[in-house]
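So the structure is just underneath, and the comments pick up after that.
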Amino acid sequence: MNQLLKYFGTDGIRGSYGGKIINEDFAFSLGKAISVHFQKKHHQTSFLLARDTRTSGESLLNALRCGLREMNSESEDLGVLPTPALAFSVTASDQCIGIMITASHNHHSDNGFKIISSQGGKLSQNEETQIESVLEPNKFPSPISNLLPNDQVKYVEQYSQNLLSKFESAFLKGLKIVVDLSNGATRQVTPRILQEFGAEVIPINQRNGLINNEVGSEFVSGLGQKVLETNADLGFAHDGDGDRVIFVSEKGNEIPGDQILGMLALHNKKKQTLKGNGFVATIHSNSGLEDAMNKNGLQLHRADVGDRNVFALMKSLKCNWGGESSGHIICTDYLNTGDGLFSALSVLQCIQSSKKKITELCKPIKLWPSYSGAVVVEEKKPLEDLKELQDCLKEVKAGFNGKGRVLVRYSGTESKVRILVESKSSESAQESYLRISQTFTDFY
């Protein structure tokens, strides 16, 4: 399990705006700490900054930028931009670091910070630890009025042209696609790219509401209804900053993320573009995905939760595809972090080249019945020291006969133990989950 840090979580820093962490004083202090770290460790003093559409974003970005300048670092404010567009801009620039003001898929009242390395990926936990070690509380001075946004057009254009070069011209001709933009950072780029590839695009939640306010990747029921109403071929939804994508079928049903991962793996194996003879997912991915991969002569490698961990294992195993069932998908041939639009285009390429509906393409990836939940605990005692639990797990696993899986771990942010049980038998999975849950209830 990763060491818990004071501010950084699985994917950057997040929290409620105006709270103890996400406020202008913290943003100013963080800017100073980031500047100190990158000057000392990497001799880098140039930063590209961007934000999603949250109302608090502009003020936090200004405070962060003032902190950077306080320590003699230069920065450009690119305004509202998807996280992957910022990541690409960083890789296309000379010795730059990126900082995104976003809380990703979180509620619109939250905000946060993602730091992007000069290679276009997330920072290691070691670097986050070093930044925290020099982060000291500072009072944010009055905003500096001459810190004006830069012209973002060239960055959007470079990102767009790179995407357009990755797929065949007009390859989406004949497809009708509903896209939920979550009132977020992808509201302009995604519809434009889809249209340039020839798709008929029906955008929803483009600009008339709050970011992630019961829309986007966490709330796809409205997207499914729109697909049915318009008789579209399919739909997909971004999260607020655009590094995730979730699909719904032509029938308006959400497609599980693990089936999307399996589809991409099998498609790229067929194209002979899958490196490392495998795919990297996380410990949360369904056993049915692993089963489907094995039946097709591929290996499923499991990383800890978080796209940073997925990327690290991909790099170690020399795999070029990996992802999380939550919609983060990484292709290192393209970028070292997730890009919801590139991922969507890759799935659409599978559909167009096979001339099949997305539901049909997902059929080979048969997910196993699973049950998951959490139990509140008073103290996080080492799981290996809980004899009743270990005895229960031993019996459960023996009963599966190799056709099931159990994952028990403590939450990294709450006083809870998280339990996941999968089996080819729904009855067995449910019964086993209840048995394991009861051991914690009895113990505490």
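Over region 13-152, what is the percentage of antiparallel beta bridges among all DSSP beta bridges, to the nearest 5? Percent antiparallel among DSSP bridges in region 13-152 is about 45. Structural size metrics of region 13-152, computed from C-alpha coordinates, are Rg and Dmax of 13.4, 36 Å.
Determine the percent antiparallel among the DSSP beta bridges restricted to the chain, to the nearest 5. Walk me through the numbers before you get to the answer.
Values: 33 of 58 bridges.
Here the share of antiparallel DSSP bridges comes out near 55 percent.
Val134: net charge of surrounding residues, Cβ under 9 Å, Lys/Arg +1, Asp/Glu -1, itself excluded?
Taking every other residue near Val134 into account, the sum is 0.
Most tightly packed first, judged by the mean number of other beta-carbon atoms within 10 Å of their residues, the peptides 232-238, 362-368 read 232-238, 362-368.
Determine the percent antiparallel among the DSSP beta bridges restricted to region 166-248, to the nearest 5. Provide the component values of the computation, followed by the final result.
Values: 4 of 13 bridges.
That works out to approximately 30 percent antiparallel.
If a/c stays under 1.5 just call it rounded; otherwise compare a/b with b/c (prolate if a/b is bigger, oblate if not). Do that for region 1-69, with a ≥ b ≥ c from the square roots of the Cα gyration tensor eigenvalues. Verdict is oblate for region 1-69.
Pairs exceeding a 31 Å alpha-carbon distance, out of Lys154/Lys356; Lys226/Lys356; Lys114/Lys387; Lys154/Lys176: Lys154/Lys356; Lys114/Lys387.
Global dimensions of region 284-396 from alpha-carbon coordinates: Rg and Dmax equal 17.9, 54 Å. So for region 39-83, what percent of the C-alpha to C-alpha distances run longer than 15 Å? So the portion of pairs separated by more than 15 Å is 45 percent. The value obtained for the chain, namely the Cα convex hull volume divided by the number of residues, is 145 Å³ per residue. Using R0 = 35 Å, the C-beta based FRET efficiency linking Glu379 and Val134 works out to 0.60.
Per-residue ellipticity at 222 nm from helix content only, as computed over the chain with -39500 (n - 2.57) for each DSSP H run of at least four residues, stands at -11500 deg cm²/dmol.
Here is the P(r) of region 370-443: all C-alpha pair distances, binned every 10 Å from 0, give 20, 56, 23, 2 in whole percents.
Just going by the charge dipole of region 370-443, with Lys and Arg at +1 and Asp and Glu at -1 on Cβ, which of Leu383, Val421, Thr439 is farthest out on the positive end? Working it through, the farthest residue towards the positive pole turns out to be Val421. Build a GNM of the chain with springs between Cα atoms under 10 Å apart, and of Val156, Val36, Val376 the one that fluctuates most is Val376.
Rounded, prolate or oblate: which fits region 101-256, taking a ≥ b ≥ c as square roots of the Cα gyration tensor eigenvalues, rounded meaning a/c under 1.5, else prolate when a/b beats b/c? The shape class here is prolate. Counting 0.36 nm for each residue step from Ala398 to Ser425 and taking away their Cα separation leaves a gain of 8.3 nm. How would region 166-248 be classified by its alpha-carbon gyration tensor: rounded, prolate or oblate, with rounded meaning a/c under 1.5 and the a/b versus b/c comparison settling the rest? Oblate, since a/c reaches 1.5 and b/c is not below a/b.
Couplings 3J(HN,Hα) for region 174-184, derived from phi with the Karplus relation 6.51 cos²θ - 1.76 cosθ + 1.60 (θ = phi - 60°), are x, 9, 9, 10, 8, 10, 8, 8, 6, 6, x Hz, where x marks Gly and Pro.
From least to most packed, judged by other beta carbons within 10 angstrom and beginning with the fewest, Phe28, Phe171 follow the order Phe171, Phe28.
Read the figures in this text as sums done on the coordinates, not as results from a lab. The structure presented is a predicted model; accordingly, all values stated were derived computationally and were not measured. Heads up, the Cβs are rebuilt from the backbone with ideal geometry, glycines too, and the neighbour counts pull from every protein chain shown.
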